[in-house]
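Presented below is the structure to which this report refers.
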Amino acid sequence: MPWTTTPLIGIALLLLLFTGCAREQKDYSRALPPGAIALEEVPYNEWPEFSFRSMDRRAFLTGIEHSLSYLAKPSAQQHFPVAGVSHRQVEDGLKRFREVLLSGADDQELRRILRQEFRIYRSVGWDGSGEVLFTGYYTPIFDARLERDSTFRYPVYGRPDDLIPGETHITVATQRLPDGSTRPYPSAGELRRSRALAGKEVAWFADPFDAYIVVVQGSAKLRLPGGRMHEIGYAGTNGHAYRAIGRDLVADGHIRPDALSLSAMRRFFRENPQRVEEYINRNPRMVFFQEAPGGPFGSLGEAVTTDVSIATDKRIFPRAALTFVTTQSPDRHGRVRPYQGFRLDQDTGGAISAPGRCDLYMGVGEEAEVRAGYQLHEGRLYYIVLR
């Protein structure tokens with residue numbers, strides 16, 4: 001089954017609107033060499049200091065249930081083994097970790113159990129050193145309408161009938177033409193300029209940049225008249241490679257590299273509304289949407305959980321697996337602090353490929369937007385695998 005048939009959140013991550021200015025010398029999206037695997041076992045003397053300190057146990061238990069729900073599906077088996085990790089190891093490891101959480105074990109007991117019953121693996125990172133770039137993604141809440149009016153004029157679109165998904169999230173989709181022939185699916189700019197998607201609108205926004213952020217994030221909660229909330233989520237993509245327009249704004253001299261942020265981009269487009277279409281059309285990737293109550297959902301078809309779910313390249317890392325992250329992360333005020341915590345690998349993204357990239361799901365709304373907007377830090381990504 002093609003990857004793109006699975007609902008997805010975060011296939012393009014907000015921070016990658018402006019990633020790459022200070023770290024362009026490091027190619028975090030460098031692919032693995034042919035025949036290489038993404039994980040290496042870590043000797044005990046190099047283990048991180050595993051701790052429950054940053055964990056919301058109730059939220060994490062919910063996340064475990066979502067991972068186990070995915071692993072119980074017959075279709076999950078086809079994606080294993082990956083990086084030497086089997087379906088059974090992931091599933092049984094999650095069940096054992098759930099027992100540990102429910103037992104009320106402290107950090108000392110946790111470390112004893114991990115040493116006796118689990119192996120620890122580490123992503124090889126972008127260059128074999130284990131270094132991974134952690135960015136953040138979130139689910140926005142925007143005012144919107146389900147019908148166009150004089151104020152809400154900028155749409156996001158449902159999946160077109162002529163779309164044939166690519167085999168992976170980074171494979172360009174195919175368009176089936178009326179005469180039965182096919183061609184590579186048009187870019188986002190071509191689709192907008194040609195109005196080929198007219199009639200496929202699923203929601204309308206007052207700000208074209210808000211509509212673009214929804215496309216980048218892959219899901220949203222929409223505030224409709226009367227306060228009613230309406231959720232939309234991923235329904236497909238044209239498969240084109242993601243391009244970070246924030247880099248273009250810096251390269252074109254509109255924003256200083258040290259001043260680049262989501263708020264700076266909003267300010268530029270608010271002061272130069274005639275430039276919005278020009279810049280958003282430089283990113284050829286288009287995401288299509290559907291109504292998605294109960295979400296947001298990750299690429300496993302299960303709901304993602306705030307400060308629990310991560311997005312990685314599912315071609316090279318084991319789906320639904322228990323992980324541990326060491327990096328730095330911002331609080332709700334944007335203050336950056338050391339972070340270590342358990343996570344679950346439940347999502348993927350259009351800009352997330354190779355062992356040097358990982359995204360942390362920050363949650364829903366404005367506070368999550370602030371945190372995601374400041375999450376741009378290196379660290380280590382560990383996988384915790386039952387023996």
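The values are calculated or read from the model by the stated rules, or taken from the named source; none is laboratory data. From a predicted model like this one, the values you see are computed outputs, not experimental measurements. Virtual Cβ from ideal backbone geometry, glycine too; neighbours counted across all protein chains shown.
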Query - Yes/no for THR305 being β-branched (Val, Ile, Thr), assigned to a loop (DSSP other than H, G, I, E, B) and either surrounded by 24 or more Cβ atoms within 10 Å (Cβ to Cβ) or more than 10 Å from the chain's Cα centre (by Cα) (or both) - result: yes
Query - Qualifying residues in segment 308-328 (those that are of a type in the set (A, V, I, L, M, F, W, C) and not in a loop (DSSP other than H, G, I, E, B)) - the one modelled with the lowest pLDDT - result: ALA311
Query - Residue ID - surrounded by the fewest Cβ atoms within 10 Å (Cβ to Cβ), chosen from residues in segment 336-377 that are in a loop (DSSP other than H, G, I, E, B) and modelled with pLDDT of 85 or more - result: GLY365
**Report entry** Verdict on GLU271 being at pLDDT 95 or above, surrounded by fewer than 19 Cβ atoms within 10 Å (Cβ to Cβ) and either more than 21 Å from PRO140 (Cβ to Cβ) or aliphatic (A, V, I, L, M) (or both)
**Finding:** yes
Query raised in the report: Does GLY125 satisfy the criteria of being in the same structural domain as THR306 (by TED's automatic domain parsing), part of a loop (DSSP other than H, G, I, E, B) and over 30 Å from GLU366 (Cβ atoms)?
Result: yes
Query raised in the report: Does segment 149-156 contain at least one residue that is touching a Lys or Arg at 6+ places or on another chain (Cβ under 8 Å) and basic (Lys, Arg)?
Result: no
Query raised in the report: Taking the condition over 25 Å from the mean Cα position of the chain (by Cα), of a type outside the set (Val, Ile, Thr) and closer than 19 Å to PRO293 by Cβ, does GLY158 pass?
Result: no
Query raised in the report: With respect to the numbered conditions (1) under 21 Å from VAL100 (Cα atoms); (2) in a strand (DSSP E or B), which one is the sole condition not fulfilled by ARG380?
Result: (1)
Query - Close pairs from segment 81-105: first free of Cβ contacts under 8 Å to residues at least 24 places away in the same chain, partner assigned to a loop (DSSP other than H, G, I, E, B), Cβ under 6 Å, at least 6 apart - result: SER86/PHE80; HIS87/PHE80
Query raised in the report: Only one residue in ARG183, ARG193, ARG148 is surrounded by fewer than 19 Cβ atoms within 10 Å (Cβ to Cβ), part of a strand (DSSP E or B) and charged (D, E, K, R), so which one is that?
Result: ARG183
